[in-house]
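Here the structure is laid out as structure tokens; the discussion comes afterwards.
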Amino acid sequence: MYGTGDMTEIEFTLQYRKEAIMGGDNIPRRPPIWCCACGCKRFRKVNPDGTDATVKVKMLKDIRKAPASVINWYSDTVDRALESNQIDLIHKYTLDITTEFEEKETLVVTAVSQSDAELLARELVWNGAVGLKGRRCIKIEVNKNNT
């Protein structure tokens, strides 16, 4: 992703709800197409004849936000349940939230209970992590996923 200024990968993920590798503002002559998991090495795709494959370069101005439901948020209690090997307590929930400004958003969260899922949603909205103008949930509908 190019044209990002000083934005980090995590800031991009939280704001646009997508993952990308930040390339900075200057587009190199031969931009990479992949990188290793730690980000230290970047690679280009090569055609069977040995020539460089074309790379589609994305500029930040051309990126639209994905829905917040793309991110699977999880609560701290999930980590504690995993540490104590209580995997049967962990469930996935879909939350339809409405803020004080009548904004509506759907979140997918992993939590140990319905109330834990609601608390997580309230915390995410209050901290602005979901990207809404409102900071208070006035309505939360919780649906437990069966997967």
**Complete:** Within the stretch 102-147, restricting to residues that are of a type in the set (S, T, N, Q) and within 18 Å of the chain's Cα centre (by Cα), the one that is nearest to SER69 (Cα to Cα) is THR106
**Prompt:** Do we have any residue at all in the stretch 59-76 that's more than 28 Å from ALA129 (Cβ to Cβ) and in contact with an Asp or Glu (Cβ under 6 Å, 6 or more places away or on another chain)?
**Reply:** no
**Asked** Hey, among VAL70, VAL125, which residue is among the aliphatic types (A, V, I, L, M), touching a strand residue (DSSP E or B) at 6+ places or on another chain (Cβ under 6 Å), surrounded by 13 or more Cβ atoms within 10 Å (Cβ to Cβ) and in contact (Cβ under 8 Å) with a residue 24 or more places away in the chain?
**Response** VAL125
**Prompt:** VAL109 is checked against (1) more than 29 Å from ILE21 (Cβ to Cβ); (2) at pLDDT below 95; (3) β-branched (Val, Ile, Thr) and fails just one. What number does that condition carry?
**Reply:** (1)
**Request:** Filter the stretch 107-136 down to residues that are farther than 14 Å from TYR93 by Cβ and in contact with a helix residue (DSSP H, G or I) (Cβ under 8 Å, 6 or more places away or on another chain), then give me how many there are.
**Result:** 7
**Asked** In the stretch 13-29, what residues are in contact (Cβ under 8 Å) with a residue 24 or more places away in the chain, out of contact with any Phe, Trp or Tyr (no Cβ under 9 Å at 6 or more places or on another chain) and in a loop (DSSP other than H, G, I, E, B)?
**Response** ARG17
**Request:** Considering only residues that are charged (D, E, K, R) and more than 30 Å from LEU132 (Cα to Cα), look in the stretch 3-37 and name the one that is surrounded by the fewest Cβ atoms within 10 Å (Cβ to Cβ).
**Result:** ARG29
**Message:** Between a residue in the stretch 51-63 that is part of a helix (DSSP H, G or I) and of a type in the set (A, V, I, L, M, F, W, C) and any residue that is surrounded by 14 or more Cβ atoms within 10 Å (Cβ to Cβ) and at pLDDT 75 or above, which pairs come within a Cβ distance under 6 Å, given they are 6 or more apart or on different chains?
**Reply:** LEU60/GLY3; LEU60/THR4
**Asked** When you look at LYS65, is it among the charged types (D, E, K, R) and surrounded by 14 or more Cβ atoms within 10 Å (Cβ to Cβ), yes or no?
**Response** no
**Prompt:** Which is on the phi < 0 side of the Ramachandran plot and in contact with a His (Cβ under 8 Å, 6 or more places away or on another chain), of VAL142, VAL125, VAL112?
**Reply:** VAL112
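The values are calculated or read from the model by the stated rules, or taken from the named source; none is laboratory data. Quick caveat: nothing in here was measured; it's all calculated off a predicted structure. Quick reminder, even Gly has a Cβ in these numbers, built from the backbone with ideal geometry, and neighbours come from all protein chains shown.
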